[in-house]
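Q: Before we start, here is the structure in question, set down as structure tokens.
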Amino acid sequence: MEAPNNDFPVQDLLRRLMADTRSSSEIARLSGVSQPTVSRLRLSKGRRVRRSASFNKLCSFYGMEARRPGGRAAAGYNELLRNAIVDAWDGSEEHGRALLVVIKGLKGLSAKME
């Protein structure tokens, strides 16, 4: 088992995953990682967990600050983006779907700007 430390918050992420009552499929859909990844992490008990894009996405999804080696915070606007979405969303499924359409539409816009 890889020893958890402040730079790699494995146990904290696993505690949050286990406490989350949503299905692995729903967590995967909301966080942007694959369902098998969520299920594998839930069953891993911290064994053989490595830093990856999926790990960082799940840390971000649960409001954790993913850290780089040396203790520096991961770069990006994850918290700002998450807070903006929460502020904009009224909590309904219909409004959530509408926000997803807008966000996915931005991907096409960024490709046109390159």
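The values are calculated or read from the model by the stated rules, or taken from the named source; none is laboratory data. All values derive from a computational prediction rather than experimental measurement.
Q: Of the residues that sit in the range 1-32 and are at pLDDT 90 or above and β-branched (Val, Ile, Thr), which one is farthest from the chain's Cα centre (by Cα)?
A: The selected residue is 21.
Q: Being modelled with pLDDT under 70 and in a loop (DSSP other than H, G, I, E, B) is the filter; apply it to the range 52-72 and report the residue that is nearest to residue 86 (Cα to Cα).
A: The qualifying residue nearest to residue 86 (Cα to Cα) is 65.
Q: Restricted to the range 73-114, and to residues that are under 26 Å from residue 51 (Cα atoms) and in a loop (DSSP other than H, G, I, E, B), which residue is modelled with the lowest pLDDT?
A: The residue in question is 75.
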